[in-house]
Structures are given as structure tokens and as C-alpha cells.
1. According to the Cα gyration tensor, what semi-axes, each the square root of 5 times an eigenvalue, does the equivalent ellipsoid of segment 2-110 have, listed from largest to smallest in whole Å?
2. If each residue of separation counts as 0.36 nm, what is the full-extension length gain between Leu74 and Val99 once their alpha-carbon separation is subtracted?
3. Given a Förster distance of 30 angstrom, what is the FRET efficiency for Thr42 paired with Arg85, based on the Cβ-Cβ distance and rounded to 0.05?
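Quick note: the coordinates plus some simple rules give every number you see, no bench work behind them. Just so we're clear, the structure is a prediction, and the values are computed from it rather than from any experiment. So basically every Cβ, Gly included, is an ideal-geometry build from the backbone, and we count neighbours across all protein chains shown.
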Amino acid sequence: MTRHTEIGALLARMDAARRGTQHHLAVIERQVAKRAERMTITARAKRRRRRSSAGAWTGADERAYQGYVADLMLARMPEFDVLIRHLARQDDALTALRVRHGIAATAAIVER
């Protein structure tokens, strides 16, 4: 039975590491989105001097926001690539361990 518990503990550690990598990727995505939003709001404030329309988010603002997101994602692409490759390796290792020991995958592990 110790072999079974060792495999379970290994799977739990591998799954926790995978969740950590996913969390890191999500943090970076949120950072990019927040930075792009701040850049858009700053640019909008510089363009418009009236206070009455300061709260409205226009189509032009949305296009500017999407452009900022694309630029920021491009700037951080090496970091994204490393994390995505790491996540793929973790998925492959978890799948291989499960197949080797005949353990069924859970829904939380299967989704990327």
C-alpha cells in the first residue's frame, strides 16, 4: 500500500506544481490587461479635455485597448512561451504517470 500512497503523493505534488504554473500564467495575463487599461485611460484623458464624457468607453477606446494588449503581450511573449511549454511538459508528465499506473484522470487535470 505504500507504493500506492507514494504515487498518490507524487500526483498531488505534480498537480500542485501545474496549478502553480497556471496561476502564474493567469497573473501575467491580468497584469497585461490592467496595464493596457491604464494606458488606454491615460491616453483618453490626454485626448479629451471635457469632463462630461470621461466615463464613457468608446469603440475607439476599445480598439486602443486591444492594441495595447497586443503590444504588451508581444513584449512578454518569451515569458508566456516558457510558461506554456512548462505547462505542456507538466501535462505530459501527469498523463504519462497516470497511464503507467492505470490511474484515471480527473476533469480538473484534463482541462488546460
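1. On the way: eigenvalues 400, 32, 20 Å².
Its equivalent ellipsoid spans semi-axes of 45, 13, 10 Å.
2. Stretched out fully, the Leu74 to Val99 stretch lengthens by 5.3 nm.
3. Details: r = 34 Å, r/R0 = 1.13.
Between Thr42 and Arg85 the formula returns 0.35.
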